[in-house]
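Inspection log for the structure reproduced underneath, given as structure tokens.
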Amino acid sequence: MVADRRASRHHTRIERRRGRFVLVDHSSNGTSVRISGELEVVLRRDELMLRASGQIALGQSTGDPDPVLVEFEC
């Protein structure tokens with residue numbers, strides 16, 4: 001659970017598909033994903049295959065001041 005007003009109860013989910021992890025956004029505010037060494041991607045009702053490692057921010061940018069971040073590593 002992420003305690004932030006910009007994150008909804010069903011904001012996003014991570015699915016395992018054929019041995020890979022896919023982030024699926026269901027939100028109105030969007031989900032920002034920064035994969036290490038790459039530019040940030042903002043998803044709005046879209047999906048992205050996660051790879052390597054990085055950060056996820058719900059309803060905000062990973063570069064915002066004091067963002068609530070979820071770190072991942074595949």
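Just so it is clear, none of the values below were taken in a lab; they were calculated from the coordinates. Keep in mind that what you see is a predicted model, and the values were worked out from it rather than measured. In this analysis, Cβ positions are derived from the backbone assuming ideal geometry, glycine residues included, and neighbour counts consider all displayed protein chains.
Structure data summary
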{"item": "Enumerated strands (runs of 3 or more DSSP E) restricted to the stretch 5-66, each holding at least 1 residues that are surrounded by fewer than 14 Cβ atoms within 10 Å (Cβ to Cβ) and over 10 Å from the mean Cα position of the chain (by Cα)", "result": "12-17, 20-25, 47-50, 53-58"}
{"item": "Long-range neighbours under 7 Å by Cβ, at least six apart or interchain, first residue touching a residue at least 40 places away in the same chain (Cβ under 8 Å) and under 16 Å from Val68 (Cβ atoms) within the stretch 11-23, second surrounded by 11 or more Cβ atoms within 10 Å (Cβ to Cβ) and hydroxyl-bearing (Ser, Thr, Tyr)", "result": "His11/Ser27; His11/Thr31; Thr12/Ser27; Thr12/Thr31"}
{"item": "Enumeration of residues in the stretch 30-67 that are charged (D, E, K, R) and within 14 Å of Ile14 (Cα to Cα)", "result": "Arg45, Asp46, Glu47, Arg51"}
